[in-house]
1. Considering only the range 109-130, I want to know if a residue exists there that is in a helix (DSSP H, G or I) and free of Cβ contacts under 8 Å to residues at least 24 places away in the same chain.
2. Within the range 259-306, which residues are more than 19 Å from the chain's Cα centre (by Cα), assigned to a loop (DSSP other than H, G, I, E, B) and surrounded by 14 or more Cβ atoms within 10 Å (Cβ to Cβ)?
3. Please give the number of the condition ARG335 fails out of (1) assigned by TED's automatic domain parsing to the domain that holds THR180; (2) part of a helix (DSSP H, G or I).
4. Considering every residue within the range 76-88, establish whether at least one is at pLDDT below 95 and over 20 Å from the mean Cα position of the chain (by Cα).
5. Counting only residues that are in a loop (DSSP other than H, G, I, E, B) and acidic (Asp, Glu), how many does the range 57-86 have?
6. Here are some residues: ASP94, ASP73. Which one is within 30 Å of LEU115 (Cα to Cα) and of a type in the set (D, E, K, R)?
7. Taking the range 137-178, which residues are part of a helix (DSSP H, G or I) and within 18 Å of the chain's Cα centre (by Cα)?
8. Is there a residue in the range 178-192 that is surrounded by fewer than 17 Cβ atoms within 10 Å (Cβ to Cβ), touching a Gly at 6+ places or on another chain (Cβ under 8 Å) and either closer than 21 Å to ARG275 by Cβ or in contact (Cβ under 8 Å) with a residue 24 or more places away in the chain (or both)?
Amino acid sequence: MNNTEVVVIGAGQAGLAGAYHLRRSGFEPGRDFVVLDHSPGPGGAWQFRWPSLTYGKVHGMHALPGMELTGADPARPSAEVIAEYFENYERAFDLRVLRPVDVRAVREGDGGRLLVETSAGDWSTRALINATGTWDRPFWPRYPGQESFRGRQLHTAQYPGPEEFAGLRVVVVGGGASGTQHLLEIAPYAAATTWVTRRPPVFREGPFDENAGRAAVALVEERVRQGLPPRSVVSVTGLPLNDAIRQGLADGVLDRQPMFDRITPDGVEWAGGRRVDADVILWATGFRAAIDHLTPLRLREPGGGIRIDGTRAVADPRIHLVGYGPSASTIGANRAGRAAVRDIRRLLAEEQSAAA
């Protein structure tokens, strides 16, 4: 059994921000806190992004606290740029991330502590920063006839790049940044593309700066205060109306169609009888929070989400969720890491005072 004051689960943007603020607050890495990451290397979810997503195409990436990302080549794959940046960051602040470590469950331990069960042994801790993000839980909607489709279905998490779609008829489902990026990349290779979304897309003029990011975060906070599953921050920011998007609109590539009603063996079909034949359905339908390991703590509300106040789980003040709900963006993750550490310091000080 390993004993520590704080366990951080996840070494993406949110987890590293939390670890950084723990370090700055006087917590010693490896002794007072530990960072557990299930990925094979640094970079969080970024290391798994498709090669054609270059750094210049990244939507709203903000630097980690204490160290800017400078001089990056916008033509390089974002997976390489950000993985290198995260690796340098971990080394610069001596965060000593343990990987690959799979966290299997977090449950009540002895003496008011939490027990974190992992593939690398168990940790007993006084507080937990959960920063597991969403990449491990791609969301696949269900539609009638889905199992009958004779073509290929894949999710953004499995997207290999546009070349694999050469000569194929592709239906892209989803109105977010990933869906539009996929369409713009695939269109020059595919025999045909069709874009379908549940709601009409909203395009946003102007840069996505820090003020815009804060406004977007504020729009998500009310849902998690009510204990509802959070919407992603990206879903409320709108799509940036850049030159590539404008060209896609002009060319008809981004000609959005309403959501189909069923999937057929050969494509998709709407209630009015319209059909589109397809070889591939690409689901750019987002992700859900990866929090199943917290199930033993019974934190979920009847609405399906975890009610949080700031970053603290209302049902258990030892648990802080960063990169969840309002902090599921790079700017939100930075702020959440600082806020979580501030509250954890207060909690541990109160416990120490009560025990004295």
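1. No, the range 109-130 has no match at all.
2. MET259, PHE260, ASP261, ASP266, TRP270, ALA278, ASP279, LEU299, GLU301
3. Unmet condition: (1).
4. Taking every residue of the range 76-88 in turn, at least one turns out to be at pLDDT below 95 and over 20 Å from the mean Cα position of the chain (by Cα).
5. Looking only at the range 57-86, we keep the residues that are in a loop (DSSP other than H, G, I, E, B), and these are 58-76.
Still in the running and acidic (Asp, Glu): 68, 73.
Qualifying residue count for the region: 2.
6. Working: ASP73 fails: within 30 Å of LEU115 (Cα to Cα).
Going through ASP94, ASP73 in turn, the sole match is ASP94.
7. If we filter the range 137-178 for residues that are part of a helix (DSSP H, G or I), which is where we start, we get 146-148, 156-158, 162-165, 177-178.
Hits for the range 137-178 are THR156, ALA157, GLN158, ALA177, SER178.
8. The initial filter retains those residues of the range 178-192 that are surrounded by fewer than 17 Cβ atoms within 10 Å (Cβ to Cβ), namely 188-189, 191-192.
Checking which are touching a Gly at 6+ places or on another chain (Cβ under 8 Å) leaves us with 189, 191.
If we keep only those that are either closer than 21 Å to ARG275 by Cβ or in contact (Cβ under 8 Å) with a residue 24 or more places away in the chain (or both) too, we end up with 189, 191.
Yes, the conditions are met somewhere in the range 178-192.
The values are calculated or read from the model by the stated rules, or taken from the named source; none is laboratory data. From a predicted model like this one, the values you see are computed outputs, not experimental measurements. Virtual Cβ from ideal backbone geometry, glycine too; neighbours counted across all protein chains shown.
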